[in-house]
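Contents: one structure, followed by commentary.
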């Protein structure tokens, strides 16, 4: 098997020799180190055999001395194959160019289908896709991956609840779920408004119902604020009490903030690496070597290569190495106190309604211990304390 491969790479020819004394001629070839095989006799003065291309170039010299005529019947091997390829290089080049064009066109965006969106929403989505470069005629390798497209659309198109992005061949398929329009107000059964926590009434707005408290009144949890029973005695009716009762409430927060904290930041330096990925084999072709910086984070993005509708086992990998630095932030005692107060405010707001207001704060306890500022803070909050409570149905006597 090894000799056959060598013969194919170096080339071989089938030689026809005619004349007298051809046996002596063969002996001369062998004595001079020329290798021959497949020797066949055709009559008394003709034989054929196979030999290497390099040896065939020397055979005419020996044939002249023996009065033999030589002709070459067949040629085989890499040199002759290469010669034929050069002769047909136009066809070969055209076929290769055709395959490259097909592969290129297979990695171009030729369609964007959007399902589940209203015309106005679809227009906004396509406008946002244009900003990201996701448009017909764009090469897929130069646009963001499917996860990035989905994330950007969700963040930038306001009336989307969810969008699914899928790339099939040369077409992006988007499945959209829009935010539902506000439902019509449901019919509220008769109810009262009662206090959900202890407070001092600071303001009131009653749309339906009868006020049962006044400004500056102190109320306890569960106390009736607005009654759903209206009318004169003997001519009453039950309605759904609607309104807002704003009260001053109180919260206490405990926070600890270190004077010195360590955190990581990107300093703007980065290095790009590109590679071709074939199965589990990764072959780099750009961005060799290690980066100049030692601390970094790696973001890897892989683009699949397509041929027509098929996904090839070949991908283009892109790695972005971003330099990272460890920073130390040091607060003065006053700065730490101010930041601790803001931290406590955010903590309090996270448990309140959006329209609640922080009226005032007061530091009850403050100390510096183990490199930390420790605060106990009292907050005064103005919030809507009214909550609906169904009116029990009257039972007949």
### Task
Give me the distance in nm between label points sitting 7 Å out from Cα along the Cα-to-Cβ direction at residue 113 and residue 215, one decimal.
6.4
### Peptides ranked, highest mean first, by Cβ atoms within 10 Å: ranges 136-143, 228-235
136-143, 228-235
### Query
Sorted by packing (mean other beta-carbon atoms within 10 Å per residue), highest first, where do 34-43, 280-289 land?
34-43, 280-289
### Message
Run the numbers for residue 74 and residue 293: contour at 0.36 nm per residue of separation, minus the present Cα-Cα distance, in nm.
### Response
72.5 nm
### Query
In nm, to one decimal, how far is the residue 347 label point from the residue 278 one, both placed 7 Å along Cα→Cβ?
5.9
### Peptides ranked, highest mean first, by Cβ atoms within 10 Å: ranges 8-17, 298-307
8-17, 298-307
### Listed candidates (1) 15, 23, 26, 16, 9, 8, 3, 0; (2) 28, 56, 15, 1, 0; (3) 30, 60, 11, 0 - label of the one calculated as P(r) over Cα pairs in 20 Å bins from 0, in percent
(1)
### Message
I'd like the orientation of helix 146-156 relative to the chain: the angle between its Cα long axis and the longest Cα principal axis, in ° from 0 to 90, rounded to 10.
### Response
30
#### Entry: Extended-chain gain in nm, criterion 0.36 nm per residue less alpha-carbon gap, residue 171 and residue 155
3.5 nm
### Query
Of the beta bridges DSSP finds with both residues in region 111-178, what % are antiparallel, to the nearest 5?
60
### Task
For residue 314 and residue 99, compute 0.36 nm times the residue count separating them, minus their Cα-Cα distance, and round to one decimal in nm.
75.9 nm
## Note on the structure
Helix 22-31 sits off the longest principal axis of the Cα atoms of the chain, rounded to the nearest 10 on a 0 to 90 degree scale, by 50
## Note on the structure
Between residue 18 and residue 252, the two model label points (7 Å from Cα along the beta-carbon direction) sit apart by a distance in nm of 12.2
### Task
Quote the relative contact order of region 266-324 in percent (integer), defining contacts as alpha-carbon pairs under 8 Å separated by 6+ residues.
46
### Query
What's the FRET efficiency of residue 120 with residue 354 using the Cβ-Cβ distance as r and R₀ = 35 Å, to the nearest 0.05?
0.80
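Counting residues in region 2-82 as N, plug N into 2.2 N^0.38 Å and put the Cα Rg over that result.
Dividing the Cα radius of gyration by 2.2 N^0.38 Å gives 1.07.
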### Summary
Helix 333-349 sits off the longest principal axis of the Cα atoms of the chain, rounded to the nearest 10 on a 0 to 90 degree scale, by 80
#### Entry: Length-normalised contact order of region 2-82 in % [C-alpha pairs under 8 Å, at least 6 apart]
48
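How high is the relative contact order of the chain, given as a whole-number percent (alpha carbon pairs under 8 Å, six or more residues apart)?
Relative contact order for the chain comes out at 13 percent.
Read the figures in this text as sums done on the coordinates, not as results from a lab. Given the structure is predicted, the values throughout are model-derived calculations rather than measurements. Heads up, the Cβs are rebuilt from the backbone with ideal geometry, glycines too, and the neighbour counts pull from every protein chain shown.
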